[in-house]
Amino acid sequence: MIVLSVNGQDHALDIEPEMPLLWALRDEIGLTGTKFGCGIAQCGACTVHIDGVATRSCSVAVSDVAGHKITTIEGLKTDKLHAVQQAWIEHDVPQCGYCQSGQIMAVAALLSSNPNPTDADIDNEITNICRCGTYPRIRTAIHRAAELMKI
Ligand code: FES
Ligand code: FES
């Protein structure tokens, strides 16, 4: 039995210790906001936070994250939208939307460690792939989210 703490709730799961976290989130717990893209830690569609750090959940085993605080896109919002979600709405960022929960989780982690990212910081830190090419709107929205977090 593996116990995962996801969005503040414990889930006791009868699963193999080497199961990728993404599988447990989607297939065992039913949190489908986190997406499967490449399965090899390249695209970022599966990004969640482990103890606040952006992590590609397709490539981490559940046994390695038991006892740690896992946050998915479903748990990012608290009493109001997270600043990144608010900025995403203001700038109408998503196109098909498939990559966007991973993008938002990556950006939320970036802003928590770097509240004023430069364009170079964004290029270095946000390596998630968007097949629709929403990168210009993502960049604009990241700067807006940084502003919103100071209000
Ligand atoms: S599905 Fe995990 S990085 Fe692509
Ligand atoms: S919005 Fe379609 S893949 Fe990014």
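Between LEU13 and ILE2, VAL3, LEU4, the built amide H atoms are under 5 Å apart, and every one of these is 5 or more places off in sequence or on another chain.
The magnitude of the dipole of the range 1-108, with charges of +1 and -1 set on the Cβ of Lys/Arg and Asp/Glu and taken from the Cα centre, is near 300 debye.
Averaging 1/r over each pair of different alpha-carbon atoms in the chain and inverting the result gives 15.5 Å, the Kirkwood hydrodynamic radius. Ordering GLY133, ILE50, LEU31 by the projection of their Cα atoms onto the charge dipole of the chain, which places +1 on the Cβ of Lys and Arg and -1 on the Cβ of Asp and Glu, puts GLY133 at the extreme positive end. Axis of helix 100-113 versus longest Cα principal axis of the chain: the two differ by about 80°, to the nearest ten degrees. Largest to smallest in accessible area, the residues MET105, MET19, MET149 fall in the order MET149, MET19, MET105 (1.4 Å probe, all protein chains included).
Taking all protein chains together and rolling a 1.4 Å probe, CYS132 ends up with roughly 40 Å² accessible. The apolar share of the surface of the chain, taken as the fraction of accessible area on carbon and sulfur atoms (1.4 Å probe, ligands and nucleic acids excluded), comes to 50 percent. In this simple spin-label model, placing a label point 7 Å from the Cα along the Cα-to-Cβ direction at both TYR135 and ASP10 gives a separation of 4.5 nm.
With the cut-off at under 20 Å, measuring from each backbone N in the range 101-135 to a point 7 Å along the Cα-to-Cβ line of LEU81 picks out 101-112, 134-135.
What separates the Cα centres of the range 1-22 and the range 76-112 is a distance of 25 Å. If you take the beta carbon distance between HIS143 and ASP64 as r and set R0 to 41 Å, what does 1/(1 + (r/R0)^6) give as a FRET efficiency, to the nearest 0.05? Once the sixth-power term is evaluated, E becomes 0.75. Sorting GLU18, GLU74 by solvent-accessible area of protein heavy atoms yields GLU18, GLU74, largest first, with a 1.4 Å probe. Rolling a 1.4 Å probe over the protein heavy atoms gives the chain an accessible area of 51 Å² per residue.
The values are calculated or read from the model by the stated rules, or taken from the named source; none is laboratory data. Keep in mind the model is a prediction, meaning the values are calculated, not measured. Here the Cβ is made from the backbone with ideal geometry for all residues, glycine too, and neighbour counts use every protein chain on show. Protein only, heavy atoms only, side chains kept; ligands, DNA and RNA dropped before computing areas. Shrake-Rupley method; radii C 1.70, N 1.55, O 1.52, S 1.80 Å.
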